[in-house]
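A.B. asks: The structure follows.
The values are calculated or read from the model by the stated rules, or taken from the named source; none is laboratory data. Because the structure is predicted, anything quoted here is derived from the model rather than measured. Virtual Cβ from ideal backbone geometry, glycine too; neighbours counted across all protein chains shown. Ligands, DNA and RNA are stripped out before the accessible areas are found, and what is left, the full protein with its side chains, is counted by its heavy atoms. Shrake-Rupley method; radii C 1.70, N 1.55, O 1.52, S 1.80 Å.
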Amino acid sequence: LRYPASFGNGPRDVFLEGDGYFEVTHDVRHPFRVHAGEATVEDLGTAFGVHALDGDSAVRVVVAEGEVALGSAAADAPKGTVMTRGQLGRLAHGATVASVKQVNVEAYLGWTKGRLVFDDTPLDEVMAQLGRWYAGEFRLAEPSLATRRLTGSFTSESLPEVLDILGPTLDIRFERRGDTVIAHRR
């Protein structure tokens with residue numbers, strides 16, 4: 001997260017790469033904007049999360065309270081799509097309009113409360129989140145495993161405990177090589 005030492009009297013612009021959660025007091029004279037990849041998220045009085053990792057195909061925004069506008073950072077892009085509580089917006093790289101759907105907010109913002117939550121999440125996304133959560137590399141041995149889906153949550157479980165739960169649940173086995181975890185078909 002990059003931001004100036006002082007916002008002064010103008011807009012409050014921050015720049016994010018990664019995951020961020022913001023609770024913002026709306027001020028029409030000093031708009032709050034998060035610039036993430038090719039997207040700009042503008043607060044309209046809200047609490048929201050932004051997911052913008054380098055290499056991801058899209059920027060995701062989930063609204064916990066209030067409203068935000070999600071749109072392209074390109075100067076000639078149309079005005080952002082307004083999203084409200086419980087909505088997930090996804091702005092793909094190169095797109096100018098976000099797609100929006102209703103979601104379980106906890107599945108996207110559980111990390112702010114120390115919970116790792118999955119809601120019908122594809123295994124490739126599960127593995128990426130586990131890698132960030134447990135600071136390791138997680139890989140699939142076969143691309144076909146990516147379509148398996150997981151619904152569940154974890155709080156204080158160790159990595160071995162999580163792998164012991166996921167193996168039978170997803171009918172896979174895990175191989176550990178140092179800090180790398182590889183999922184194989186059982």
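A.B. asks: Only loop residues by DSSP count here, and only those with at most 13 other Cβ atoms within 10 Å; note down the trypsin sites (Lys or Arg not before Pro) in the stretch 1-68 that meet that.
C.D. replies: Arg29
A.B. asks: Follow-up. Give the long-range amide H neighbours of Asp19: residues separated by 5 or more places, or on another chain, with amide H under 5 Å away, using H modelled in the peptide plane at 1.01 Å from N.
C.D. replies: Ala52
A.B. asks: Rank Leu70, Leu88, Leu163 by mean-square fluctuation in a GNM of the chain with C-alpha springs under 10 angstrom and give only the top-ranked residue.
C.D. replies: Its mean-square fluctuation being the largest, the pick is Leu163.
A.B. asks: Separate question: What share of the DSSP beta bridges in the stretch 104-185 is antiparallel, in percent to the nearest 5?
C.D. replies: 75 percent
A.B. asks: To the nearest Å, what is the center-to-center distance of the stretch 32-108 and the stretch 136-186, using C-alpha atoms only?
C.D. replies: Spelled out, the Cα-based centre of one part sits 29 Å from the other.
A.B. asks: Kindly write out, for the stretch 151-163 in residue order, the coupling ³J(HN,Hα) from the Karplus curve 6.51 cos²θ - 1.76 cosθ + 1.60 (θ = phi - 60°), rounded to whole Hz, with x marking Gly and Pro.
C.D. replies: Ordered by residue, 3J(HN,Hα) equals 10, x, 9, 9, 10, 10, 5, 6, 4, x, 5, 5, 5 Hz.
A.B. asks: Rounded to the nearest whole Å², what accessible area per residue is found for the stretch 1-148 with the 1.4 Å probe?
C.D. replies: Computed with neighbouring chains in place, this is 52 Å² per residue.
A.B. asks: Are there any chymotrypsin sites (Phe, Trp or Tyr not before Pro) in the stretch 1-83 that are in a DSSP loop and have at most 16 other Cβ atoms within 10 Å? List them by number.
C.D. replies: Loop-located and lightly packed - Phe7.
A.B. asks: Taking all protein chains in place and a 1.4 Å probe, what share, in percent, of the accessible surface of the chain do carbon and sulfur account for?
C.D. replies: Carbon and sulfur together cover 48 percent of it.
A.B. asks: On full extension of the chain, what length is gained from Asp164 through Gln102, given 0.36 nm per residue of separation minus the C-alpha to C-alpha distance?
C.D. replies: Contour length minus the Cα-Cα distance gives 19.2 nm.
A.B. asks: Compare His51, His35, His26 in a GNM of the chain, Cα atoms joined below 10 Å, and give the one with the largest fluctuation.
C.D. replies: Between His51, His35, His26, it is His26 that shows the largest mean-square fluctuation.
A.B. asks: Of Val68, Val117, Val14, which has the largest mean-square fluctuation in a 10 Å C-alpha GNM of the chain?
C.D. replies: Largest GNM mean-square fluctuation: Val14.
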